[in-house]
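Have a look at the structure below before the remarks.
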Amino acid sequence: MTIQNQSPAFHTDVIRGYLADPRTYLTDGGFETSMLFLEGFDLPAFAACVLLEDDVARAAMDRYFDRFLSMAETTETGFVLDTNTWRSGTHWADAVGRLPAQMQDLTREAVRFAMAIRDRWQDRVSPILLNGVIGPAGDAYDGTISLDAATAEAIHAPQIALLAECGVDLVSALTFGSMPEAIGFSRASIKAGVPVAISYTVETDGCLPDGTPLERAVLETDAATGGAPLYYMINCAHPEHFRDVLNNEAWCRRIRGVRANASRLSHAELDEAETLDDGDPEEFGLLHADLARKLPALKVVGGCCGTDHRHVGCMADAMLPSTGA
């Protein structure tokens, strides 16, 4: 398959239609934790991109995404399809045990893999947006480590440019715990000509790991980038960790996506956990119905660590009762 670079006009048309669509879009659940704990695959440095080298793992990934796309078909909504690239940047090469060129090849293959899934489902689910996922340059949960914006831009620019070249519809910074890093990421996306979404993670107090309040992170990232992000998201935190900071003020309308954890445990506790805490899927769904009332512009919902198709199914039932899941 030849991957063609997409023009800014293409991105504009796709994204304009996506944002204007009144429907809530679904996305998947906890990909990495599902592959690790439920499927039993090894993820060096928690980098699931290496699974693309294994035919058995690829089949498991197909089954994984098919479950979520089936829900989108049933609920008659669109879908945001992530690429398996959260830790496929070349700066992760040593930790993952690959060469930088191999990491670039895995990024390209991840886009091809996602495109094949989209081709298989696009007659039943429409639209399916291809979302190029990139994680933070280091440990998002260590609030003592923070890149300045210029350094972050330089680190993330190559992977953003490669994903843009491969034809993703947008790129998303997932599980970012630092405002300067998100600013640098946004600036690199602007230069690459690809739309960007920023997803912050928070601790149990609703603040970023470095103590920055979520409201300040959203407002100051917008101020530093001219409002470049399409929208903001919250991921890798339980709904109870952040719902109380959602105060119905104007900045909350900039949060259009939520991908929450199943567990109420803190990030430090999750890092030490040897078993999967999958929480209560039915409660998880009900909590998202409450979040939808606090986030009037909510657009895309899915899960993060510890979640799977059960959690997203309960979420769809609670948020989209007229169609079911």
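The values are calculated or read from the model by the stated rules, or taken from the named source; none is laboratory data. Small disclaimer: the values here were computed from a predicted structure and weren't measured. Cβ placement follows ideal geometry from the backbone for every residue including glycine, while neighbour counts extend to all protein chains displayed.
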Checked the stretch 209-228 for anything under 28 Å from L130 (Cβ atoms) and touching a Phe, Trp or Tyr at 6+ places or on another chain (Cβ under 9 Å); matches are L214, A217, V218, T221, D222
Could you count how many residues in the stretch 269-322 are closer than 23 Å to D82 by Cβ and among the polar types (S, T, N, Q)?
1
Kindly indicate which of A137, A157, A197 is closer than 23 Å to R108 by Cβ and free of Cβ contacts under 8 Å to residues at least 40 places away in the same chain.
A157
Sort out which residues of the stretch 241-258 are assigned to a loop (DSSP other than H, G, I, E, B) and under 20 Å from T204 (Cβ atoms), and write them in order of number.
L246, N247
Which helices (runs of 4 or more DSSP H) does the stretch 36-131 wholly contain that include 1 or more residues that are under 26 Å from G313 (Cα atoms) and either touching a strand residue (DSSP E or B) at 6+ places or on another chain (Cβ under 7 Å) or not hydrophobic (A, V, I, L, M, F, W, C) (or both)?
55-75, 100-121
Every pair of residues 6+ apart whose Cβ atoms lie under 8 Å, when the first sits in the stretch 142-153 and is under 11 Å from R187 (Cα atoms) while the second is part of a loop (DSSP other than H, G, I, E, B) and among the hydroxyl-bearing types (S, T, Y)
A152/S178
From the list A157, A149, exactly one residue is in contact with a Pro (Cβ under 6 Å, 6 or more places away or on another chain), at pLDDT 95 or above and of a type in the set (A, V, I, L, M). Which is it?
A149
May I ask you to list the residues in the stretch 118-137 that are under 21 Å from S199 (Cβ atoms) and in contact with a helix residue (DSSP H, G or I) (Cβ under 8 Å, 6 or more places away or on another chain)?
P127, I128, L129, L130, G132, I134, P136, A137
May I ask you to say which residue of A173, A188 is of a type in the set (A, V, I, L, M), crowded, with 22+ Cβ neighbours inside 10 Å, without any contact (Cβ under 8 Å) to a residue 40 or more places away in the chain and touching a Gly at 6+ places or on another chain (Cβ under 9 Å)?
A173
Given the conditions (1) touching a Gly at 6+ places or on another chain (Cβ under 8 Å); (2) of a type outside the set (S, T, N, Q); (3) farther than 20 Å from L208 by Cβ, every one holds for F113 apart from (1)
From the list H311, H267, which one is at pLDDT below 95 and either under 30 Å from P127 (Cα atoms) or not basic (K, R) (or both)?
H267
Determine whether the stretch 217-240 contains at least one residue that is crowded, with 20+ Cβ neighbours inside 10 Å, among the aliphatic types (A, V, I, L, M), modelled with pLDDT of 95 or more and assigned to a helix (DSSP H, G or I).
yes
Given the conditions (1) over 18 Å from the mean Cα position of the chain (by Cα); (2) among the hydrophobic types (A, V, I, L, M, F, W, C); (3) farther than 30 Å from H11 by Cα; (4) buried (at least 18 other Cβ atoms within 10 Å of the Cβ), which single one is not true for C252?
(3)
Members of the stretch 186-216 found to be over 20 Å from K299 (Cβ atoms), in a helix (DSSP H, G or I) and either of a type in the set (V, I, T) or under 16 Å from the mean Cα position of the chain (by Cα) (or both), listed by number
I190
Taking A57, is it in contact with a Leu (Cβ under 7 Å, 6 or more places away or on another chain), surrounded by fewer than 22 Cβ atoms within 10 Å (Cβ to Cβ) and of a type in the set (G, A, S)?
yes
Report, ordered by the first and then the second residue, all pairs with beta carbons closer than 7 Å, sequence separation of six or more or different chains, a first member in the stretch 297-325 that is under 17 Å from I128 (Cβ atoms) and surrounded by 22 or more Cβ atoms within 10 Å (Cβ to Cβ), and a second member that is at pLDDT below 95 and not hydroxyl-bearing (S, T, Y).
V301/M319; A316/A325
Breaking point among (1) in contact with a strand residue (DSSP E or B) (Cβ under 6 Å, 6 or more places away or on another chain); (2) on the phi > 0 side of the Ramachandran plot, for H311:
(2)
